[in-house]
1. With just the Cα atoms defining each centre, how far is the range 646-689 from the range 816-878? Give it in Å.
2. Spin-label point model (7 Å from Cα, Cβ direction): what's the Ile787 to Glu417 distance in nm?
3. Just rank Arg138, Arg797, fewest to most, by other beta-carbon atoms within 10 angstrom.
4. Round to the nearest 0.05 the FRET efficiency obtained for Lys139 and Phe661 when R0 = 60 Å and r is the Cβ-Cβ distance.
5. About the Cα centre of the range 177-285, how large is the charge dipole given +1 on each Lys and Arg Cβ and -1 on each Asp and Glu Cβ? Please answer in debye to the nearest 20.
6. Quick one: net charge around Val308, please, counting Lys, Arg +1 and Asp, Glu -1 for every other residue with C-beta under 13 Å from its C-beta.
7. Identify the GluC sites (Glu not before Pro) of the range 774-841 meeting these criteria: DSSP loop state and at most 12 other C-beta atoms within 10 Å of the C-beta.
8. Cα atoms only, the range 848-932: Rg and Dmax in Å?
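Here, each number is a calculation from the coordinates, and none is a lab measurement. A quick note: this is a predicted structure, and the numbers were derived from the prediction, not measured. Methodologically, a virtual Cβ is constructed for each residue, glycine included, from the backbone with ideal geometry; neighbour enumeration extends over all protein chains shown.
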Amino acid sequence: MAARKDPASKQGLLGSTSTEHHADYSSDSDDNVNVNNNNNTSEYPNRRQRQHAKRRTPLTNRAPSFQSLPTCKSWLARRSQCWLMCVAFGLILFVILLVGGGLGYKTIITGEPPYGLSPPWYPSPKGGIAGTWYESYRKAALLVSNMTLAEKVNITTGVGWQMGLAVGTTAPAVLVGFPSLQLQDGPLGIRNADNVTAFPAGITVGATWNRQLMYARGKAHAIEAREKGVNAILGPCVGPLGRMPAGGRSWEGFGSDPYLQGIAGAETIKGIQSEGVMATVKHFVANEQEHFRQPWEWGLPNAISSNVDDRAMHELYAWPFGDAVKAGVASVMCSYNMVNNSYACGNSKLLNGILKDELGFQGFVMSDWLAQRAGVSTALAGLDMTMPGDGLGWANGESLWGKELSRAVLNGSIPVERMDDMVTRVVAAWYQMGQDNQDKWPRDKGPNFSSWTDAKMGVTSPGSPTDQQEVVVNQFVNVQANHSVIARQVAAEGTVLLKNEGPVLPLTREGLRKRQNNANNTTSSDKIKIGIFGEDAGPIPGGDGPNSCKDRGCNQGTLGSGWGSGAVEFPYLVTPIQALRKAFDSSKVQLHEYLSNSFPSSPSDKTVMSDLDLCLVFVNADAGEGFTAWENVRGDRPDLFLQKKGDALIQSVAAKCGGGFSDVVVIIHAVGPVILEHWIDTPQIKAVLFANLPGEESGNALADVLFGHVNPSGHLPFTIGKSLQDYGPGGQVLYLPNGVVPQQDFSEGLYIDYRWFDKHDISPRYEFGYGLSYTSFEMGNATVKTIRPKSALPFPRLDALVPPPEYSTDIPPVEDVLWPEGDVEEIRKLDKYIYPYLTADEASAAVSAREKGEKYPYPEGYNTTQPLSEAGGDEGGNPDLWLLQAKVSVDVRNTGKVAGAAVPQLYMSWPESASAEQTKKVDFPVKVLRGFDKIYLEPGETRRVEFSLMRRDLSYWDVEVQNWRMVMMEGLEGDNGDYVFRVGFSSRDLRVEVRW
Ligand code: BGC
């Protein structure tokens with residue numbers, strides 16, 4: 001299919017494109033790829049901007065490498081051969097593009113996608129049906145009804161990559177006083193900014209299992225965002241869920257279980273939004289791997305399709321988004337990948353059906369950066385805001401919306417009602433957060449930092465080649481307050497003690513508890529000698545500081561976070577060695593530091609080695625977002641092994657520390673599970689701490705745990721298997737394309753992580769939920785109380801509590817979108833900046849197309865109104881799903897000698913021979929997490945812990961009825977008929993059981 005370079009033909013009445021299924025990627029997604037050929041890298045004014053260049057460089061931009069020139073004669077002789085080769089090459093390329101982009105969804109190797117195509121779901125449900133948003137929609141309607149079409153387009157379309165100071169910027173609606181919105185990454189702090197906190201990553205937060213900390217971190221993050229002039233944080237991240245342990249971005253989320261992700265995401269959102277900042281939960285949905293996540297980044301014209309069945313979608317991948325919506329999230333970011341062969345940002349079943357109707361989402365759907373792959377059809381499918389505004393190529397200034405959206409409304413392709421709903425959703429979210437309060441949100445101040453330069457002075461639209469005046473872009477406002485306290489607490493509580501024999505931990509300031517020094521007469525040789533090994537204990541070698549790799553895209557020095565848009569500039573990073581030097585009493589302890597992964601082997605080292613009383617070894621494994629790679633880690637890890645020869649280092653230390661007789665403690669920083677099998681059973685290795693990704697307070701938090709100032713209470717938010725294969729076929733990243741549209745079938749359905757291990761009876765090394773403490777806990781006295789009697793289905797859906805705003809459906813006058821003239825509205829046009837305006841000719845062409853009755857080729861199913869879901873009806877879905885159904889209570893007792901926090905976890909099993917009507921067998925996981933708490937107990941103290949189970953927790957998604965269904969086994973008491981609730985301290989350490 002020929003590339004259509006003219007943006008006018010991309011959109012609008014006839015030229016526009018895709019239906020939502022295979023034609024979706026056959027249209028704008030591939031045949032209109034406008035690579036940023038015009039980009040001159042000299043335009044990038046600074047280091048950070050260069051960092052972004054990589055992601056923007058299309059493959060087609062690569063300079064060819066030339067061999068020596070042939071002589072004229074040989075050239076003539078080979079000319080025909082050459083032509084033939086060129087033609088053949090061209091043909092192959094053409095066929096690839098044709099197949100990938102146009103002719104169908106058939107894949108080269110796997111044949112048709114097994115789950116077929118994503119069904120159509122129209123029309124897009126309007127926002128404004130939830131009582132909780134009533135006031136915000138009322139105010140929004142007043143504002144929107146006074147907006148021009150150009151203003152509406154401004155609010156829904158980003159101004160372009162690097163056209164504002166934040167990573168995403170919308171234009172204002174000046175006449176009605178609605179500001180430009182500033183959107184900034186990411187889930188662990190304010191990206192690309194100075195003087196902000198580098199919080200621990202999501203995976204560390206998940207490992208705390210501490211709701212209060214989840215909330216507190218979100219709140220602190222939002223305070224920093226507001227003080228930096230950011231309206232919306234691009235986080236939290238609850239997708240990827242962690243289906244594949246090697247997936248590159250799972251660390252941005254909270255762990256490989258939907259319930260844990262859901263609670264952690266919701267608490268983070270509540271924390272963020274308590275400060276009036278919009279949270280953006282991302283990436284909706286099934287964005288589980290980095291390879292092929294978006295077109296062209298991996299050399300293919302299309303992104304991967306995650307093929308997910310209806311039950312797995314509901315019970316796993318969309319589940320945490322349900323919690324986010326229930327928590328009142330302002331925005332949802334749709335993901336790059338396709339879902340069931342339709343791009344997530346143009347997938348009407350996902351956006352209109354699941355998100356807006358079934359989950360009752362009241363905020364706005366924002367695209368991931370360049371995840372919008374078509375124009376009109378994405379609006380119809382439920383997308384409300386396109387980011388960063390450019391269409392199919394970075395910084396090309398050719399939006400799929402912008403002026404094309406104006407055109408599509410004028411020519412009648414996009415119903416006025418849909419346009420109004422898009423903008424109303426954004427404005428309502430702004431009111432809902434209280435951002436109309438000018439004391440907290442001074443109008444038109446914008447961010448006080450630039451994402452693109454560290455210098456004080458710069459231009460506000462560095463993405464535009466147009467000359468601009470330099471202004472102050474970085475005011476260096478320090479917003480960190482005392483947030484390091486929260487960062488440290490999260491990092492400490494998110495550290496998981498995996499092994500502690502002896503127990504060798506906690507250490508004392510004097511070194512080891514078991515060997516006493518002669519306190520009165522300590523000579524150097526009498527000191528306890530402790531060896532610290534591994535690059536991961538120290539700073540980046542070479543002294544460049546923790547930010548020396550762009551977007552943290554390398555593994556050097558101690559690992560504080562993964563890489564990509566989910567990383568921030570560290571204001572500082574307390575390395576483990578810094579903290580350890582302080583923590584040990586230097587009059588009693590002598591540290592021997594080997595901050596490299598090469599095992600020391602000089603004769604003098606050997607002598608020292610044999611004399612060591614204790615060794616601490618630091619190792620790690622890193623990963624990140626697919627736009628950059630480090631060594632062989634192209635976003636996703638290629639395996640689950642420790643990196644930089646970490647296993648060999650541990651084994652050497654264990655063999656040589658104190659001549660092989662001294663104790664060894666291993667500390668791991670990692671983005672996810674790592675294989676420990678090479679050394680975990682080595683007798684000298686007495687203790688292992690899994691410190692996840694601790695952020696700026698890394699060393700301090702680690703010392704807190706190592707020395708027992710904080711009793712470890714972290715628990716694994718994923719399973720540590722004995723091999724990558726143990727995670728099953730669904731746990732494997734697809735590293736090589738299996739088609740022009742790579743197909744990733746989620747055939748394992750519900751069985752990821754511990755559910756897979758349970759189903760196939762595979763012993764993990766450390767199971768999901770596992771974590772030791774310096775004390776011990778017991779549990780007993782479990783009871784269950786029925787709050788509401790069991791019933792199979794929720795109450796029938798109620799009518800909307802309030803009606804959505806009504807506006808005139810008349811198509812606005814062309815004057816609304818014409819380029820402003822004269823000095824009244826001065827516009828200094830910036831090249832490549834995205835404007836909503838049309839020329840008079842363009843506008844009248846749009847109107848005349850409409851008048852001639854030309855019709856946009858609406859997607860299949862567009863004219864069939866879908867029935868509303870019985871699972872919907874309010875924000876978060878049918879309110880009945882969120883009503884308390886049963887309560888389980890247990891006593892937890894601290895039976896050890898020190899105070900500490902326990903993490904009781906409730907796992908539910910559905911009735912065994914579960915069949916809803918006893919006619920069909922329903923497949924259920926052996927158990928699923930359905931409750932957790934974190935309680936602090938003094939030695940000997942007992943507390944009663946209560947777990948609340950809502951209807952959704954007790955239900956499965958019945959694909960036939962299309963609703964959440966509880967299992968009713970009336971008359972079948974006992975083993976077969978009951979729900980089983982087991983409570984314990986991990987998914988395999990279940991101490992008590994009650995039946996219901
Ligand atoms: C990432 C998003 C991020 C966005 C803006 C994308 O590449 O996938 O998570 O929010 O960039 O930086």
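1. Here the two parts' Cα centres lie 60 Å apart.
2. Placing both labels 7 Å along Cα→Cβ, they lie 3.8 nm apart.
3. Going from least to most buried by this count: Arg138, Arg797.
4. 0.25
5. Computed about the Cα centre, the dipole is about 140 debye.
6. Summing Lys/Arg as +1 and Asp/Glu as -1 gives -3.
7. Here the GluC sites (Glu not before Pro) that fit, given the DSSP loop and packing criteria, are Glu806, Glu821, Glu825, Glu826.
8. 25.1, 84
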